[in-house]
Amino acid sequence: MNAPLASLIIPARRGNRVTTPMDEVNYISGETRLFAIVGHPIEQVRSPEMVTAELTRRGHNAILIPLDVLPEEFESCVGQIMRVRNLDGLIFTIPYKQAACALASELSVQARAVGGINALARGHRDQWVGDIFDGLGCVEAFRERQQSFRDRRVMLIGAGGAGSAIGVAVAHQGPAAMRIFDLDAGRATRLVEAIEKIDPRIDVRFAEPTVESIEILLNASPVGMLGDARMPIDVAKIPSEIVVFDAIVKPEQTRLLKLAELCGCQTIRGREMMRAQIKKIVDFFEAQRSRSTLVGG
């Protein structure tokens, strides 16, 4: 998204009059409703631009801001932020998707299965409802590329918040086999067990990253993010028939995706997953505030 943020936001209003004097900006006012994305680090996220654009497209005077919160301050800091009266929702990224569950008054079925959330919305009577959309966004990104998971063999690297959500969502699509890897073997094993409960017909197990005997390779780990030049899998070549997905948004073209494209693979980028889930997240924010005013303007 190359357009400047100011061009994406509806003008601030005073009553029925749009004001744009030289000593004011036209994209925020005292009536603006706030959303925030919480993570550490935070500079890699694209949600501020994309969620704000979607809110604006729907006619809301609202903005999503990035918040860099240290792990040791997460609980106390975010707990206080949630008391801000014009804050309507939070999005969570690395490393807080699991920890954020404790902040929710209510969790969706999907969030309980995953054990993590990436969205928290202020609902009726100030109840905070948590849900997760990473997996749904991944499945939708594949669908838009005319790719299906049904009866296919999948390698998933990363079983954290995003990886678990992707694993659960993919399991609901009926793959033939899933191989799960995470540096935290316990975390990967818990995801394997969750997938077994979803569909016992899936051949699912913990396994080291491989491109052998698979049809889809999914990276949901942070390896390759920002200035990290590493690969999530130690290979020099990827068979051209494998579809390769990387959940990382920044950079858009990770080292894994570059190699996959050089090998002739079809690739699907993290931005495609994000674009697919943004609409679902904003739907979620709106639905939870449907009994009261979601945004001003």
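State yes or no: is residue 64 buried (at least 21 other Cβ atoms within 10 Å of the Cβ), of a type outside the set (Phe, Trp, Tyr) and in contact with a helix residue (DSSP H, G or I) (Cβ under 7 Å, 6 or more places away or on another chain)? Write out each step before concluding.
Values: buried (at least 21 other Cβ atoms within 10 Å of the Cβ): yes; of a type outside the set (Phe, Trp, Tyr): yes; in contact with a helix residue (DSSP H, G or I) (Cβ under 7 Å, 6 or more places away or on another chain): yes.
Taking the combined requirement at face value, the residue satisfies it.
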Cβ-Cβ under 6 Å, sequence separation 6+ or interchain: first residue in the stretch 143-171 and assigned by TED's automatic domain parsing to the domain that holds residue 113, partner among the basic types (Lys, Arg) and at pLDDT below 95. Which pairs? none
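Residues of the stretch 243-264 being in a loop (DSSP other than H, G, I, E, B) and buried (at least 20 other Cβ atoms within 10 Å of the Cβ), which ones?
247, 248, 249, 254 - these are the residues of the stretch 243-264 that are in a loop (DSSP other than H, G, I, E, B) and buried (at least 20 other Cβ atoms within 10 Å of the Cβ).
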For the stretch 55-73, check the following and say yes or no: at least one residue is among the small types (Gly, Ala, Ser) and part of a helix (DSSP H, G or I). no
Would a scan of the stretch 110-124 turn up a residue that is part of a helix (DSSP H, G or I) and either of a type in the set (S, T, N, Q) or touching a strand residue (DSSP E or B) at 6+ places or on another chain (Cβ under 7 Å) (or both)? yes
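Could you look through the stretch 132-155, keep only residues that are under 11 Å from the mean Cα position of the chain (by Cα) and not hydrophobic (A, V, I, L, M, F, W, C), and pick out the one that is nearest to residue 176 (Cα to Cα)?
Our first condition is that a residue be under 11 Å from the mean Cα position of the chain (by Cα); within the stretch 132-155, this holds for 132-138.
Of the ones still in play, those that are also not hydrophobic (A, V, I, L, M, F, W, C) are 134-135, 137.
Details: 134: 21, 135: 18, 137: 21 Å.
Only one residue tops the list, namely 135.
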Going through 47, 105 one at a time, which residue ends up being surrounded by fewer than 16 Cβ atoms within 10 Å (Cβ to Cβ) and in contact (Cβ under 8 Å) with a residue 24 or more places away in the chain? 105
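Does residue 287 count as surrounded by fewer than 18 Cβ atoms within 10 Å (Cβ to Cβ) and over 20 Å from residue 172 (Cα atoms)? Steps first, please.
Values: surrounded by fewer than 18 Cβ atoms within 10 Å (Cβ to Cβ): yes; over 20 Å from residue 172 (Cα atoms): yes.
When the stated conditions are applied, residue 287 passes them.
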Taking residue 213 as the residue in question, decide whether it is among the hydroxyl-bearing types (Ser, Thr, Tyr), in a loop (DSSP other than H, G, I, E, B) and buried (at least 21 other Cβ atoms within 10 Å of the Cβ). no
Of all residues being in a strand (DSSP E or B) and among the aliphatic types (A, V, I, L, M) in the stretch 33-44, which is surrounded by the fewest Cβ atoms within 10 Å (Cβ to Cβ)? Just the residue, please. 34
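The values are calculated or read from the model by the stated rules, or taken from the named source; none is laboratory data. Only a predicted model underlies this, so the values are computations on that prediction, with no experimental measurement involved. As a convention, Cβ positions derive from the backbone with ideal geometry for all residues, glycine included, and neighbour counts pool all protein chains shown.
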